[in-house]
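This report concerns only the one structure given below.
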Amino acid sequence: MHYSGQGGPVDFAEARRLAEPAAAEGNAEALTMLGTMHYGGDGGPQNFNVARRLLALGAAQGHAEAQTLLGVMELRGEGGRKDFAEARRLLGLATNKGHAEAMSRLGDMYVHGQGGPTDLAEARQLFQTAASQGSASAQTSLARMHGDGSFNGTVGDPPNFAEARRLLGLATEQGHADAQVMLGQLHVFGQGGAEDLAEARRLFELAAAQGQADAQASLGEMHLQGRGGPKDYAEARRLLGLAVAQGQADAQATSTPTVTVTVTVTVTVTVTLTLTLTPALTLALALALALALALTLTLTLTLCAGRARQDGLRLQRWAQGPCTGEGAV
């Protein structure tokens, strides 16, 4: 109750204290709860190594939550080395128990061929099942398949932006940051519905507040260009700085214009020819050669400084890897 806030405020520290004795006795629920708190740093310091150990004990008893979070840790290499095959195995166990988040994570692994072969049809099935249970991450991943034309199990089919927009709307209502960014980009480009820069700006603001780097970069561009609202150079600089700090490539290009200086020097070598001709013709030819074969020096300076991209707001790559900035499962 302290963990979930039932009957009073959430108190992770007290929840951690109460869970420790039960976990020491091998209770799967207590092991999972305590491992989750160590994973997220709730009620005490974050410790991936302890979290991984506790969750492994809970997962061994068949606890679906423990199997799911441990699978995510194996996937990301948190508290130990990455092990895609073990991550796929653990997520498969939790999926068999109907765990929606495990289905979504496993679907992502099928999309990218992590821990086994790529299987877009199986990924789609997993996403659909999890999305029907309200999983925001599954709704987002399923929307990505509709957007990149891989929904039917092959890459290259026509995209279905209208369905992608619908699914992203569901995930956005749950506060899913990546869904907010993707839906904002659809509004920017008018895909699957009308263009709405003001709505795109609002969605980017929601995701940027959660620390989503793509949202910070896109919102910074909108402030810089005055799209969807007034220009604000100070806010643009702040947002782009936050995105750059996370390594967002487009923000780095926007905040740091490239200046290229090219210097080209061409030298024409003088060639002397000796001919036996009449004095008049010799003099005329000598003058012509002197003009034609004179030393030529060309110095060209080209200074190019331009924006990193024409529009500044580009549709996020639909087929990029699974999102890693979502927080704990």
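The values are calculated or read from the model by the stated rules, or taken from the named source; none is laboratory data. Everything numeric in this text was worked out from a predicted model, so none of it was measured. Ideal geometry is used to build each Cβ from the backbone, glycine not excepted, and the neighbour counts take in all protein chains shown.
Restricting attention to the range 130-159, the residues that are at pLDDT below 95, polar (S, T, N, Q) and surrounded by fewer than 20 Cβ atoms within 10 Å (Cβ to Cβ) add up to 2. Within the range 164-189, residues that are at negative phi and surrounded by fewer than 24 Cβ atoms within 10 Å (Cβ to Cβ) have Cβ atoms under 6 Å from residues that are modelled with pLDDT under 95 and outside any helix (DSSP H, G or I) in these pairs: Q185/L315; Q185/Q316; F189/L315, counting only partners at least 6 apart in sequence or on another chain. The residues listed here are M37, M33, M109; of these, the one that is among the aliphatic types (A, V, I, L, M), surrounded by 14 or more Cβ atoms within 10 Å (Cβ to Cβ) and under 30 Å from D148 (Cα atoms) is M109. Given the structure, is D83 in contact with a Pro (Cβ under 8 Å, 6 or more places away or on another chain) and acidic (D, E)? Answer is no for this residue.
Residue by residue, here is whether (1) in a helix (DSSP H, G or I); (2) closer than 23 Å to L69 by Cβ; (3) among the aliphatic types (A, V, I, L, M) holds:
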{"site": "R88", "(1), (2), (3)": "yes, yes, no"}
{"site": "L91", "(1), (2), (3)": "yes, yes, yes"}
{"site": "R105", "(1), (2), (3)": "yes, yes, no"}
{"site": "M109", "(1), (2), (3)": "yes, yes, yes"}
{"site": "P117", "(1), (2), (3)": "no, no, no"}
{"site": "E122", "(1), (2), (3)": "yes, yes, no"}
{"site": "L126", "(1), (2), (3)": "yes, yes, yes"}
{"site": "T129", "(1), (2), (3)": "yes, yes, no"}
{"site": "A143", "(1), (2), (3)": "yes, no, yes"}
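Checked against (1) closer than 20 Å to A85 by Cα; (2) surrounded by fewer than 17 Cβ atoms within 10 Å (Cβ to Cβ), A24 passes all but condition (1).
For A194, the criteria (1) surrounded by fewer than 24 Cβ atoms within 10 Å (Cβ to Cβ); (2) in a helix (DSSP H, G or I); (3) out of contact with any Gly (no Cβ under 9 Å at 6 or more places or on another chain) hold in every case but one, which is (2).
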